[in-house]
Amino acid sequence: MSRSVLVTGGNRGIGLTIARAFAAAGDKVAVTYRSGDPAALADEGLLAVRCDITDTEQVEQAYKEIEEKHGPVEVLVANAGVTKDQLLMRMSEDDFTAVLDTNLTGTFRVVKRANRAMLRAKKGRVVLISSVVGLLGSAGQANYAASKAGLVGFARSLARELGSRNITFNVVAPGFVDTEMTQVLTEEQQKNIVGQVPLGRYAQPEEIAATVRFLASDDASYITGAVIPVDGGLGMGH
């Protein structure tokens with residue numbers, strides 16, 4: 001059955017690969033984006049909706065457009081996020097709060113709005129994209145790690161709060177993924193990163209997408225409050 005799926009930050013990188021995976025399975029997929037040309041997304045059959053998730057009114061308008069064209073959101077993948085890396089002594093308060101406002105509070109905004117229709121339907125799937133950094137920690141990324149760790153507590157609280165309504169909340173924690181962000185690193189930097197990963201390679205975006213699709217499937221109907229690492233073993237034990 002074709003479902004209404006929303007992937008925030010789904011115009012590039014991991015988010016776009018996740019959106020494509022749902023679309024390939026026959027779902028109606030909307031993606032939010034902040035900048036760029038949405039024409040290419042439309043060519044792929046994706047509904048591109050401009051939305052800055054730090055703005056509650058933009059979130060509301062995005063949902064209204066999606067509901068009008070695809071119906072109420074049944075599967076939400078909260079993927080949108082930013083980084084503003086800096087060592088603590090050089091990190092400004094604005095750098096800290098901006099990352100929290102997008103990655104954590106922004107997720108709160110989109111989940112809360114999706115929850116309205118999910119409660120009425122008495123069903124729903126929510127998958128939050130965290131990071132191995134949120135579990136393992138990373139020097140120079142205190143703001144990012146805090147925001148991604150916060151998603152775990154957020155998801156597990158909602159899993160308890162809304163489990164009786166047949167709404168599941170799970171977290172996927174990717175490690176280093178082969179995307180444009182990692183491709184710009186020097187060969188030495190890439191070698192150092194891969195050297196930390198027991199499987200000895202980057203993840204492919206499709207591997208993240210497959211895990212997300214599983215958590216949104218009927219096969220995962222009894223899984224909620226879980227944190228699934230897709231990190232090649234980098235963060236095990238954390």
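The values are calculated or read from the model by the stated rules, or taken from the named source; none is laboratory data. Predicted, not measured: the structure shown is a model, and the values here were computed from it. The area values use the complete protein model at the heavy-atom level, side chains included, leaving out ligands, DNA and RNA. Shrake-Rupley method; radii C 1.70, N 1.55, O 1.52, S 1.80 Å.
Legend: distances between Cα atoms for Lys122/Lys148; Lys84/Lys148; Lys123/Lys148; pairs beyond 23 Å are Lys122/Lys148; Lys123/Lys148. Compared with the dominant Cα axis of the chain, that is its longest principal axis, helix 13-24 is turned about 30°. Considering the range 1-94, its Cα convex hull presents a mean projected area of 6.9 nm².
The relative contact order of the chain comes to 19 percent, based on Cα pairs under 8 Å that sit 6 or more residues apart. Taking a straight Cα-Cα cut-off under 15 Å and skipping sequence neighbours fewer than 8 places away in the same chain, the aspartates and glutamates within cross-link reach of Lys191 are Asp178. When the Cα atoms of the range 40-82 are aligned to their principal axes, the ranges along those axes come out at 27, 23, 17 Å in descending order. Taking only the Cα atoms of the chain, the ratio Rg/Rh comes out at 0.95, with Rh defined as the Kirkwood radius. Once the 1.4 Å probe is applied to the protein heavy atoms, the range 1-71 comes out at 46 Å² accessible per residue.
Maximal additional length on extending the Leu199-Val184 stretch stands at 3.3 nm, based on 0.36 nm per residue less the C-alpha distance. Computed from Cα positions, the angle between helix 142-162 and the longest principal axis of the chain comes to roughly 30 degrees. Counting 0.36 nm for each residue step from Glu161 to Gln86 and taking away their Cα separation leaves a gain of 23.4 nm.
In the chain, helical runs assigned H by DSSP with n ≥ 4 each contribute -39500 (n - 2.57); averaged across all residues and rounded to the nearest 500, the mean residue ellipticity at 222 nm is -13500 deg cm²/dmol.
Among Gly140, Gly36, Gly153, the largest mean-square fluctuation in a Gaussian network model of the chain, built with springs joining Cα atoms closer than 10 Å, belongs to Gly36. The share of accessible area on the range 121-238 that comes from carbon and sulfur is 52 percent, using a 1.4 angstrom probe. Within the assembled protein chains, the solvent-accessible surface assigned to Glu74 is about 50 Å², based on a 1.4 Å probe. Asp101 sits with roughly 50 Å² accessible to a 1.4 Å probe, with DNA, RNA and ligands left out of the calculation.
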